[in-house]
Every structure is written in C-alpha cells, then in structure tokens.
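Coordinate-derived values only; no laboratory data. On a predicted model such as this, the values are computed, not experimentally measured, just so you know. Every residue, glycine as well, gets a Cβ built from its backbone with ideal geometry; the counts of neighbours run over all protein chains shown.
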Amino acid sequence: MQDQINQYTAEIEAFSPANADELEAFRIKYLGTKGLIKDLFEQFKSVGPEEKRVFGKVLNQFKQMAEAKYTDLKENFNSEIENSKSEIDLTLPGNGFEVGSRHPLSLVQSEIVDIFKRLGFVVAEGPEIEDDWHNFSALNFPDEHPARDMQDTFFIKKNSGKDDIALRTHTSSVQVRMMENGKPPFRAIMPGRVYRNEAISARAHCFFHQVEGLYIDENVSFADLKQTLYHFVQELYGEGTKVRFRPSYFPFTEPSAEMDISCTICKGAGCNMCKHSGWVEILGCGMVDPNVLENCGIDSKKFTGFAFGMGVERITNLKYVIKDLRLFSENDVRFLKQFKTEMI
Ligand code: DAH
C-alpha cells in the first residue's frame, strides 16, 4: 500500500495538464467515485489494526494532497480562461454603429419638397411668430370677419386686430412675405410648423406642419393647378392614384377647392381611414384672390396664380397609417426607429 501511495504521489506531483480535458481525466482517475484513492480506502478497510493506525494518517494526507493539487490546477485554468477573454481578438467582427433615423414627418416633408423642386419650385420659409397682416389681413380675411374664426389662434398680443401678434395658424403667411419682397413670377413651396388652439387628442394637436405652394405668373390657370397637383399625387402615392376637386371656400383664393385622393389604404374600397367613402381630403387650393395680389403689390390685371396648402401629418398618416397624432411629438424611440432610412 505504501508503495502504491508513493507511486501515485510521484505521478500526481509530476502531473501538468495541457488542457481542461486532461485535468478532468486526472480528477476521474484519482478522485472520482471509482478512482484510485477510493480503491485505496477500500483496501484500507481490510488491513490489520496496527497498519490502520499508520496508514490512516498517511492515506488522509495523500488524499488531501491530491485534492489540493486538483483545486490549484482548476483555479489556474479558470484564471487563464478569464485572462484570454480580456485579450483583444482582432479577428472578431467589430460592433456596428447604431444609426439614427429621421423623423417620419421630416421624411415625408422632404419627399414633398423634392417632388416640387423637380417641377422648378424653390423653397421659402417665414417666421412662426406672425403679425395680423401676414397671417390674416393681407390674405383677405376682413376685420371682424367670421373667417378668422376658422382657425383657432394663439395670440401673443391682442389689441384691435391690426397690431395683433400671434403664432402663425398656417404657412399661407409665407406667400405674403414672398410676394411683398420680390417680383413675379413666383414658384415656391413653403414648409413649416403652424399652431392652433386645439385640445390635444389622437386626431388634433396644438401644432402641426404644412407645406404651402404658390405659383404666380402671366396666364396661370386652374388647369395648371390641377395638372401640378395631379402630378404631385402620382409621384407621392404612385401611378393610378385618383384625384377629385370639390368646390370650397378660403378667403385668399377664388375659386377655391379641396382636393381628395382615392384612399391609399383601401384603394377606394372603403375603410376606417376614408370613413368608408373611398376618398380622403389632402389639401386646400385655389386661384389666388386678386385682392391678395394687390395687397402684396402685384398687378392682378397682369398676373394670376394658384396656391395650395397641405398638412404634412395627414399626408404621413396616409403613407404609414399612424392612428394617433400624438406619436409624432412624444419622441418614443420605439416609434421613431421604425422609420430607419439611409442617412443623407
Ligand atoms: N391655409 C389653409 C389652411 O391652413 C390651407 C390652404 C388652402 C392654403 C387653400 C392655400 C390654399 O394656399 O389655396 O387651412
């Protein structure tokens, strides 16, 4: 028995595993339930009382030595694995960058702008805080006329009317600035944010976005208006989208119309979006009222033109079916990152 213990001790002391598998084989060979140490303890049961006294101690020390060796080696291996983890492996693929996404309203607004740019329209902008003249009076809203109530205005300063200052209620105010500051012909689109005093809900908001269009030249007719907007709709929603014009009223255009398109969601068959009519309204338009031209210093005998105004949120809803307007301004990343596009 002593010889065996000596032999095993030498083997164990000399043991140096190359990998974890060899270490595991070592454990099974010496410390396993059917291992060599277990064997020695079995043999120990049948030795005489004198030998028991001597070998009991030797055997226990030997077992402890084998266990200590195993624990040491195992710890070494574990720390080696840890160390190797912290080494940089240059062959691994790198971490990709999280690319941001553009806001759906910006995407749709630039799509609208691009279509009109291709038709030769330039982009113009104006202030969001407007005076009464640019937002109302120049656009042929008579003083105290109920037409001013068409748009619930956030007033910043309210006096008699003429000196009122307000958050602009529509981008039509930019038309006025453009015509006052230049000479015809004008061919421009004017995107921007507008404000109305409305309770916030899924279907209304106190601010939203519009794109205004203006085309003034000699001999511009309602046919030009129709063809321009027809082309716009084909570009934005695809060939075959139908349009129809319904007579309407705006103080700044005469005649005025509202334009519907065949519902982009159900293709005219009837759904919730189009209230089962097959048509959805997307913009207001008309021939610029001669009074507006004169208010802006343009000879209405020589020049005519058309204007139109559309809500970007509405156009976006018809493209992406967004049921709640509040999503546009809540900055919820789960919503925003659905509009991943290539960054420009
Ligand atoms: N400014 C109108 C609105 O906010 C939209 C509009 C209608 C603009 C007809 C126009 C137009 O230029 O011709 O409701």
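Remark: the stretch 132-145, residue by residue, has Karplus-estimated 3J(HN,Hα) of 4, 4, 6, 7, 10, 4, 5, 8, 6, 7, x, 3, 6, 7 Hz, where x stands for each Gly or Pro and the curve is 6.51 cos²θ - 1.76 cosθ + 1.60 at θ = phi - 60°. Near His170, the amide H atoms lying under 5 Å from its own belong to Tyr195; only residues 5 or more places off or on other chains count, and H is placed 1.01 Å from N. Based on the alpha-carbon gyration tensor of the stretch 2-86 and its eigenvalue square roots a ≥ b ≥ c, which shape applies: rounded if a/c is under 1.5, prolate if not and a/b is larger than b/c, or oblate? Here the stretch 2-86 falls in the prolate category. Within the listed set Leu73, Leu139, Leu318, the Gaussian network model of the chain (springs between alpha-carbon atoms below 10 Å) gives the highest mean-square fluctuation for Leu73.
The distance from the alpha carbon centre of the stretch 131-176 to that of the stretch 264-284 is 32 Å, rounded to a whole number. Rounded to the nearest 20 debye, the dipole magnitude of the chain is 820 debye, with +1 charges on Lys and Arg beta carbons, -1 on Asp and Glu beta carbons, and the Cα centre as origin. If R0 equals 45 Å, the separation of the Cβ atoms of Glu218 and Ile88 corresponds to a calculated FRET efficiency of about 0.05. Summing charges over neighbours of Asn140, with a neighbour being any other residue whose Cβ is under 9 Å away from its Cβ, gives -2 when K and R count +1 and D and E count -1. Where both bridge residues fall in the stretch 109-207, DSSP classifies roughly 75% of the beta bridges as antiparallel.
Can you figure out the FRET efficiency of Glu22 with Phe339, using R₀ = 56 Å and their beta-carbon distance, to the nearest 0.05? Approximately 0.50, to the nearest 0.05. Once R0 is set to 56 Å, what does the formula 1/(1 + (r/R0)^6) return for the Cβ-Cβ distance between Phe154 and Ala269, expressed as a FRET efficiency to the nearest 0.05? E(calc), rounded to 0.05, equals 0.90. Taking label positions 7 Å along the Cα-Cβ direction at both Lys34 and Ser101, the computed distance is 6.0 nm, reported to one decimal.
Annotation for Cys206 and Val123: the two label points, set 7 Å from Cα along the Cα-Cβ direction, are 2.8 nm apart. Relative to the current alpha-carbon distance between Ser46 and Ser248, full extension at 0.36 nm per residue lengthens the span by 61.5 nm. Taking every lysine pair in the stretch 104-339 that is 8 or more places apart or spans two chains, those with Cα atoms closer than 16 Å amount to 8. Tally Lys/Arg at +1 and Asp/Glu at -1 over every other residue whose Cβ is under 13 Å from the Cβ of Ser248; what's the total? That sum, taken over residues with Cβ under 13 Å, equals -2.
Taking the number of Cβ atoms within 10 Å of each Cβ as an exposure proxy, the fewest-first ranking of Thr33, Thr9, Thr169 is Thr33, Thr9, Thr169.
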